[in-house]
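*Asks:* Please find one structure pasted underneath; my questions will follow.
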Amino acid sequence: MSPTPKEHRTDMSGTAAAPWWRSAVIYQVYIRSFADGNGDGVGDIAGIRSRLPYLKSLGVDAIWINPWYKSPMADHGYDVADYREIDPLFGTVADAEQLIAEAHEHGIRVIPDIVPNHTSDQHVWFRAALAAGSGSPERERYVFRPGRGPDGAQPPNNWVSRFGGPAWTRLPDGDWYLHLFAPEQPDLNWQHPDVHAEFESVLRFWFSRGVDGFRIDVAHGLVKHPELPDLAPLRDPAVEQPREHVDHPHWDRDEVHDIFRAWRKVADEFEGDRCFVAEAWADTPERLAAYVREDALHTAFNFDFLMATWDAEDLRSVIDTSLATLAPVGAPATWVLSNHDVVRHPTRYGRKSPTRRWVANESYRPEGPLDLTLGTRRARAAALLMLALPGGAYVYQGEELGLPEVEDLPESVLQDPIRERSGHTERGRDGCRVPIPWSGRSAPYGFSPDDATAPPWLPQPPHWAEHTAERQTGDDTSMLELYRTALLLRREHPALGDSPLTWLDTPAGVLTFHRAPGFVCVVNLSTAPHPLPDHLAVLLSSGPIKDDLLAPDQAAWLAV
Ligand code: BGC
């Protein structure tokens, strides 16, 4: 089977009928851990450039790169000190421009992260705000307030940081400032016109350097209730809550959409199909769909898919609800299994399915022993499910190598601010951020050059040797070859991309859907073998198929 590749996947001009981002496979590059070009133990732009042939042969349409801007790295780049500079750890603006040009030559688009909710405390605006003092216009670009209580010693309200502890820090001059994340990440005041003007200018800066879009960090957090009211008492997490929108003083406020309508206009000023993907957490799928209305952002991460348990009913309901809520606004779905904030999915799937959905890895509580063989089998099936669904998909670096979470990093190497902020009650997100194994039998597994001056910034476990790209290349049973073949088929098969799906009748525990023309995906989440439906050929399967029976935790793509 070798139909011509679909035009919108190969045409970099963006002039094809369907914009590329409606069905793109976007590979997430967590830059510090992808590839280290200069041997300092930290990934960088030179490293990404050296691995473009790998990404091309994997078959992805674009890369999303986690923040590469100048940063003191209190939250590994999500604390930006200068949005128009690249951090020296990663390279220079000239390196970034070269990467963009070379990626485009490889037919790969580039989407950096933009961090508009907060800056670094080392950003020139925040330093000016500190220097100018209480009541100054410089402080109005952030959220400064006097404290409560007779001597202002109590925080202005009861908001909490996502990383643990209060969301307010007090300065020696008595003012408090808001940080929904670490104290080194002061929240911007999006009611200030300078903030709007600055970010629109930053978008233009990078769009004019050729980037194809942006991933918007904490898109749902930008606008705060002007009166900063206290949070309502937390609902009991042990009690299953109905899925309904609850008015919140700093998450997902309606006014946030005005910002993104303006950003859309900025993107539309540039040639080609530039696109945004929002990291937005919303109470309901309808609220999420509001971010991707026609005049707003293009796409948003669908975290419901990532949070779904390995359960046919749960997954089907997430798929149906996502497609049904996006259809009226005309936006494509996105599907994602892992990212740099959550426990890698072979590990999640290798434990007894948690009975409740969990949000990010700070709320992941391992339940029971880990069966990584099972988790990996499910991860293979999940990849075929994800890549057969209508819309776009995200692949987190290392997922194509079948990397599990590294759950036994020594305490002494942990770096995520969540660990400190939680008073060491949480380990944080380092376990999904361990540098990628490329080749060889021992650390740094090709992550750094042979003459590296420093070890990888997080230690790679000995079992990384089994997961290198080198070792998996050419091995038909490997995760890497499964992803390569799936991405190739997805690129070539006329049924895969942005078109509807029809469910076929199957027993409980099995998901089967048809995509026209001539394609069926079957996923067996039950505990018994399942006979394949009538088909012309098995295009791809996540494991060996005997006697036309799909084993438990297996998936297959069929030509029908
Ligand atoms: C990013 C995190 C980051 C946080 C603060 C998140 O949503 O994905 O990695 O720590 O935003 O910027």
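The values are calculated or read from the model by the stated rules, or taken from the named source; none is laboratory data. Not measured: the values here are computed from a predicted model. Cβ placement follows ideal geometry from the backbone for every residue including glycine, while neighbour counts extend to all protein chains displayed. Ligands, DNA and RNA are excluded from the accessible area calculation, which covers all protein heavy atoms including side chains. Shrake-Rupley method; radii C 1.70, N 1.55, O 1.52, S 1.80 Å.
*Asks:* Tell me, how many Å apart are the Cα centres for segment 115-134 and for segment 405-472?
*Replies:* Here the answer is 32 Å between Cα centres.
*Asks:* Sort Arg419, Arg471, Arg204 by accessible area with a 1.4 Å probe, largest first.
*Replies:* Arg471, Arg204, Arg419
*Asks:* Further question on the same structure: Shape of segment 500-559 from its Cα gyration tensor (a ≥ b ≥ c, root eigenvalues): rounded if a/c is under 1.5, otherwise prolate when a/b > b/c, or oblate?
*Replies:* Here segment 500-559 falls in the oblate category.
*Asks:* Using protein chains only and a probe of 1.4 angstrom, how many square angstrom of Arg427 are accessible, to the nearest 10?
*Replies:* Surface open to solvent at Arg427 totals about 90 Å².
*Asks:* Moving on to the next point. Please give the contour-minus-distance gain from Arg261 to Asp505: 0.36 nm per residue of separation, less the Cα-Cα distance, rounded to one decimal in nm.
*Replies:* Values: separation 244, 0.36 × 244 = 87.84 nm, distance 4.13 nm.
Length gained between Arg261 and Asp505: 83.7 nm.
*Asks:* When the Cα centres of segment 282-357 and segment 23-46 are compared, how far apart do they sit, in Å?
*Replies:* 25
*Asks:* What order, most packed first, do the peptides 398-405, 535-542 have when packing is the mean number of other Cβ atoms within 10 Å of each residue?
*Replies:* Most protected by this proxy first, the peptides run 398-405, 535-542.
*Asks:* Just reorder Lys546, Lys70, Lys224 by solvent-accessible area, largest first, 1.4 Å probe, all chains present.
*Replies:* Lys546, Lys70, Lys224
*Asks:* Among DSSP beta bridges whose residues both lie in the chain, state the antiparallel percentage, nearest 5.
*Replies:* About 60 percent, rounded to the nearest 5.
*Asks:* While we're looking at this one, here's another question. Can you give the FRET efficiency to the nearest 0.05 for Glu466 and Ser50, using r as the Cβ-Cβ distance and R₀ = 22 Å?
*Replies:* Result of the calculation: an efficiency of 0.45.
*Asks:* Still on this model: How do Thr512, Thr425 rank by accessible surface area computed with a 1.4 Å probe, from largest to smallest?
*Replies:* Result, largest first: Thr425, Thr512.
*Asks:* Now for a separate question. At a probe size of 1.4 Å, how large is the accessible area of Cys275, to the nearest 10 Å²?
*Replies:* 0
*Asks:* Just to verify a number: FRET efficiency for Ser57 and Gln154, C-beta to C-beta distance, R0 = 45 Å, to 0.05?
*Replies:* Using R0 = 45 Å, I get an efficiency of 0.20.
*Asks:* Give the shape of segment 124-178 as rounded, prolate or oblate, defined through the alpha-carbon gyration tensor: a ≥ b ≥ c are the square roots of its eigenvalues, a/c under 1.5 means rounded, and otherwise the shape is prolate if a/b is larger than b/c and oblate if not.
*Replies:* Values: a/c = 2.34, a/b = 1.34, b/c = 1.74.
Because a/c hits 1.5 or more and a/b fails to exceed b/c, segment 124-178 counts as oblate.
*Asks:* For Asp311 and Arg293 in one chain, what is 0.36 nm times their gap in residues minus the Cα-Cα distance, to one decimal in nm?
*Replies:* Gain in length upon complete extension: 3.5 nm.
*Asks:* At a probe size of 1.4 Å, how large is the accessible area of Ser161, to the nearest 10 Å²?
*Replies:* 10
*Asks:* Can I ask one more? Starting from the Cα gyration tensor of segment 167-216, take the square roots of the eigenvalues, sort them a ≥ b ≥ c, and report rounded, prolate or oblate (rounded when a/c is under 1.5, otherwise prolate if a/b is larger than b/c, else oblate).
*Replies:* Note, shape of segment 167-216 comes out prolate.
*Asks:* Please compare each pair in Lys70/Lys224; Lys352/Lys546; Lys56/Lys352; Lys70/Lys352 to a cut-off of 32 Å on the Cα-Cα distance and tell me which ones are over it.
*Replies:* Listed pairs above 32 Å: Lys56/Lys352; Lys70/Lys352.
*Asks:* Return the percentage of antiparallel bridges among DSSP beta bridges fully within segment 20-165, rounded to the nearest 5 %.
*Replies:* Approximately 25 percent, going by the DSSP bridge assignments.
*Asks:* Run through segment 277-360 and list the trypsin sites (Lys or Arg not before Pro) located in a DSSP loop whose Cβ has at most 16 other Cβ atoms within 10 Å.
*Replies:* On the way: sites: Arg287, Arg293, Arg316, Arg344, Arg348, Arg351, Lys352, Arg356, Arg357; in loops: Arg293, Arg344, Arg351, Lys352, Arg356, Arg357.
Loop-located and lightly packed - Arg293, Lys352, Arg356, Arg357.
*Asks:* Do any GluC sites (Glu not before Pro) in segment 178-253 lie in a DSSP loop with no more than 16 other beta carbon atoms within 10 Å, and if so, which?
*Replies:* Details: sites: Glu184, Glu198, Glu200, Glu227, Glu240, Glu244; in loops: Glu184, Glu227, Glu240, Glu244.
Sites meeting the loop and neighbour criteria: Glu227, Glu240, Glu244.
*Asks:* Let me ask you something else. In the chain, what percent of the accessible surface is made up of carbon and sulfur (1.4 Å probe, ligands and nucleic acids excluded)? Walk me through the intermediate numbers first.
*Replies:* On the way: 11450 of 21520 Å².
Summing carbon and sulfur atoms, their accessible area is 53 percent of the total for the chain.
*Asks:* Then there is this: State the volume of the convex hull built on the alpha-carbon positions of the chain, expressed per residue in Å³ and rounded to an integer.
*Replies:* 150
*Asks:* Using only helices, what value at 222 nm comes out for the chain when you add -39,500 (n - 2.57) per DSSP H run of length 4 or more and divide by the total residues, to the nearest 500 deg cm²/dmol?
*Replies:* -7000 deg cm²/dmol
*Asks:* Under 8 Å for C-alpha pairs, at least 6 residues apart: give me the relative contact order for the chain, rounded to a whole percent.
*Replies:* Worked out over the chain, it gives 14 percent.
*Asks:* Using a basic spin-label model with each label point 7 Å from the Cα along Cα→Cβ, how many nm lie between Asp194 and Ala131?
*Replies:* So the two model labels end up 1.2 nm from each other.
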